[in-house]
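Asks: I have a structure here, written as C-alpha cells, and I will follow up with some questions on it.
The values are calculated or read from the model by the stated rules, or taken from the named source; none is laboratory data. Keep in mind it's a predicted model, so treat the numbers as computed, not measured. Note that we place each Cβ from the backbone using ideal geometry, even for glycine, and neighbour counts take in every protein chain shown. What goes into the accessible areas is simple: the full protein's heavy atoms, side chains included, and nothing from ligands, DNA or RNA. Shrake-Rupley method; radii C 1.70, N 1.55, O 1.52, S 1.80 Å.
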Amino acid sequence: LIFIMFLGIDLGTSAIKLLVIDESNSVLAESNISLDVSRPQPLWSEQEPDEWWRALLKGIEDLKSQTSLSDLKGIGLSGQMHGAVLLDKNGEVLRPAILWNDGRSGKECFELEDAVPDLHRITGNLAMPGFTAPKLLWIRKNEPEIFSRIRTVLLPKDFLRFRLCGEAISDMSDSSGTLWMDTAARDW
C-alpha cells in the first residue's frame, strides 16, 4: 500500500498556516503560527522575511508532532501578494519586506504612470502603492544604498520557496501584481 501526503503552506499577513492532507483530502495535521506586522511610520507595513522562515520551521515541527512526514510527495505554496523581499547577491535579506498593505509609495505610482503611459494596458492593473514596482521606486529614492545592493526581488511566498529549494521563481498570477509583467504576453 502506497500512502501519499501533501503539504500546503499559506503565508498570510497575520499567520503562516500549514496543512498536511492525504490523497483523499483527509486532514492529517495542521499548524497555525502567528506573525507580527511592524508599522514604524504612518502608512508603512513591514515584516521580517526571516521571521516567516522561522515560523515555517516551527510549523513543520508542529506537523511532525502530529504525523510522520516521511510519505510527503508534494508541497504547495500560497500567500500574501505584492510584497517586496529584497535580496543581495548572496541571497541575504537587505531590509524588512514591504507588504501589500503598505501605502508609502503613492507618489511613485503617479511617477510610474507618467513614465509608462501604457502601463494599464500592459499590466492590466492600475499603479497602486500595494504593488511591487512602486515600492522599488520608493526604495531607489529613499534608501539608495539598499537599492544599489538589490540583486533579486521576490514576493513573500516565493521567498519561502527560495529558502526551501534555492529557486527564485514565481507564478503568473502573483507576478501580475508586480507591475513588471505584460499580462497579455505572459512575459516580463
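Asks: Between TRP188 and ILE75, what is the spin-label point distance in nm, taking each point 7 Å from the Cα along the Cα→C-beta axis?
Replies: About 2.2 nm separates the two model spin labels.
Asks: For the pair ALA168/TRP44, report the inter-label distance in nm, with labels modelled 7 Å from Cα in the Cβ direction.
Replies: Label at ALA168, label at TRP44, 2.5 nm between them.
Asks: Express the accessible area of the chain per residue in Å², computed with a 1.4 Å probe while the remaining protein chains stay in the model.
Replies: Each residue of the chain exposes 52 Å² on average to a 1.4 Å probe.
Asks: Obtain the nm distance between the two label points defined at THR13 and SER34 by a simple spin-label model: each point lies 7 Å from its Cα along the Cα-to-C-beta direction.
Replies: 1.7 nm
Asks: Work out the FRET efficiency for PHE147 and TRP180 from their Cβ-Cβ distance, taking R0 = 22 Å, and round it to the nearest 0.05.
Replies: With R0 = 22 Å, the Cβ-Cβ based efficiency is 0.90.
Asks: To continue, here is another question. Tell me the angle of helix 132-142 to the major Cα principal axis of the chain, expressed in degrees between 0 and 90 and rounded to the nearest ten.
Replies: Rounded to the nearest ten degrees, it is 60.
Asks: State the antiparallel share, in %, of DSSP beta bridges confined to the chain, rounding to the nearest 5.
Replies: Antiparallel bridges: around 75 percent, rounded to the nearest 5.
Asks: Taking Cα atoms, how many degrees apart are the long axis of helix 49-66 and the longest axis of the chain, rounded to 10 and kept between 0 and 90?
Replies: Helix 49-66 sits at roughly 10 degrees to that axis.
Asks: Dipole size in debye (nearest 20) for the chain around its Cα centre, Lys and Arg Cβ +1, Asp and Glu Cβ -1?
Replies: 260 debye
Asks: Take a quick pass over region 71-164 and tell me how many lysine pairs come in under 20 angstrom between Cα atoms, counting only ones 8 or more apart or on separate chains.
Replies: Number of lysine pairs found: 6.
Asks: Another question, then. Nearest 500 deg cm²/dmol is fine: what mean residue ellipticity at 222 nm does the chain get from its DSSP H runs of n ≥ 4 alone, each adding -39,500 (n - 2.57), divided by its residue count?
Replies: Counting only the DSSP helices, I get -9500 deg cm²/dmol.
Asks: Helix 106-115 versus the longest principal axis of the chain: what angle, 0 to 90°, nearest 10, using Cα atoms?
Replies: Approximately 70 degrees, to the nearest ten.
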